[in-house]
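Rule-based calculations on the coordinates, nothing more; no lab input. All values derive from a computational prediction rather than experimental measurement. When we count neighbours, we look across all protein chains shown, and the Cβ atoms used for this are built from the backbone with ideal geometry, even at glycine.
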Amino acid sequence: MNLLAKAIRGYVPYWNVRPLTEDDFYQLCRKFKVRVIEIPLCVPGLFMQVGDKRYLYVNSRLRGIEWLRAALHEMGHAILHTPPSGTVAYFFRLPPNSKREHEAEAFVAIALIPLCIVLSKLPWEIQEEYGYSIELIEFRKWIYDNYRI
């Protein structure tokens, strides 16, 4: 996990420094040449690469924090798990059922709840101020406790 964190910071310098926003997400999409498509889905989101074309699908029924969480989760796959070219597909799943899903969920937990917030606020304060789920906050605390990220 620490090696992944180092690699991510090379691509996203403000990751784990401040909470990422929807504007940050779209900036990352431009940087990584990812096309965003919002349609009704039976999952929160999915990421697909076909050749050198990258597509990030987000469930159009999601709003606010849940939309951003799904979008950043799939961006985690785009950054961490795609080859320069080829065909891959990742579907958002909770709880994470594979190493790659776990890494994508860690990417989003740290993207939304950076270290400065983890160290300065109690879980209920984070939930109240940012609207994040207790599950996401507890996962973020687990990452800090186990990896000091």
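Here are some notes:
- Stokes-Einstein D (µm²/s) once Rh is taken as the Kirkwood radius of the stretch 82-149 over alpha-carbon pairs, at 20 °C in 1.002 mPa s: 164
- Mean-position separation - Cα centroids, the stretch 35-58 and the stretch 101-134, in angstrom: 24
- Rule-of-thumb Rg ratio for the chain [Cα; 2.2 N^0.38 Å; N residues]: 0.98
- Under 22 Å from Lys33, Cα to Cα: lysines that are on another chain or at least 8 residues apart: Lys6, Lys53
- Whole-Hz couplings from phi, Karplus 6.51/-1.76/1.60, listed for the stretch 3-17; x for Gly and Pro: 5, 4, 4, 4, 5, 4, 4, x, 8, 10, x, 8, 5, 6, 10
- Amide H contacts of Glu38 (H built 1.01 Å from N, in plane; Pro and chain starts excluded): Val58 sit under 5 Å, all sequence-distant by 5 or more or on other chains.
- Given charges at Cβ of Lys, Arg, Asp, Glu: the chain dipole, positive-most of Gly10, Trp142, Pro114: Gly10
- Cα-based values for the stretch 1-87, radius of gyration first and Dmax second, are 12.8, 35 Å.
- For the chain, the longest site-free run once trypsin sites (Lys or Arg not before Pro) in DSSP loop states with at most 16 other Cβ atoms within 10 Å are removed: 1-32
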